[in-house]
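Report on the following structure.
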Amino acid sequence: MLRVDHAGEYGARRIYAGQLAVLRNSDKAGLLRHMQAQEQVHLDTFADLLVSERVRPTALLPFWHVAGFALGAVTAALGEKAAMACTVAVEETIDAHYTAQIDAMDDTALRQTLEKFRAEEREHRDIGLENGAEQAPGYRVLRRIVKAGCRAAIAISERI
């Protein structure tokens, strides 16, 4: 669980880095930086947990490094609304993932951490929706593709 959550937050941080590389001067840059900063806190928390619980990170971090940045940069190159559509798709997938983990856990400090992070991921989804995600050209197709990619990344990171 910690391995895949760490990988997901790592990927999310890289997606925002890719989006900011393209949209650094846009009016959405502040929102992207805000979301990226929250993802960094999530990533740092999971990195610390990997060490304390003696869990190795996924061997695919170098791949997620490139793939996350590429996804962010490509969607941002399609426009601000496409970048927001990417955010919505990723955060919907992570929300469902965290919800399943929370539902399977006893009330622990880790559960409380996941609940806090899930609330922030929902905030990111809402930011995307409030900033035109659904008006992105090909929104439904883009959303499906990104969500499928996220679900595949979760499944792969659980195993490798």
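The values are calculated or read from the model by the stated rules, or taken from the named source; none is laboratory data. As the structure is a prediction and not an experimental result, all values here were calculated from the model. Cβ atoms come from the backbone with ideal geometry, glycine included; neighbour counts cover every protein chain shown.
General observations
- For the residues V41, V4, V22, the requirement of being in contact with a helix residue (DSSP H, G or I) (Cβ under 9 Å, 6 or more places away or on another chain), farther than 20 Å from R125 by Cβ and not basic (K, R) singles out V22.
- Note on region 25-55: residues that are polar (S, T, N, Q) and assigned to a loop (DSSP other than H, G, I, E, B) total 2.
- Only a single criterion out of (1) under 13 Å from G11 (Cα atoms); (2) in contact (Cβ under 8 Å) with a residue 60 or more places away in the chain; (3) over 12 Å from the mean Cα position of the chain (by Cα) is not satisfied by L61, namely (2).
- Qualifying residue in region 16-34 (condition: farther than 12 Å from A73 by Cα, crowded, with 23+ Cβ neighbours inside 10 Å and touching a Lys or Arg at 6+ places or on another chain (Cβ under 9 Å)): yes
- Region 96-153: number of residues that are more than 18 Å from D5 (Cβ to Cβ), among the small types (G, A, S) and surrounded by fewer than 19 Cβ atoms within 10 Å (Cβ to Cβ): 3
- Test: residue in region 60-67 that is modelled with pLDDT under 95, within 22 Å of A82 (Cα to Cα), surrounded by 11 or more Cβ atoms within 10 Å (Cβ to Cβ) and in contact with a Phe, Trp or Tyr (Cβ under 9 Å, 6 or more places away or on another chain): yes
- Total residues in region 17-37, condition at pLDDT 95 or above and under 11 Å from the mean Cα position of the chain (by Cα): 0
- Residue check for T58: of a type in the set (S, T, Y) and part of a loop (DSSP other than H, G, I, E, B): yes
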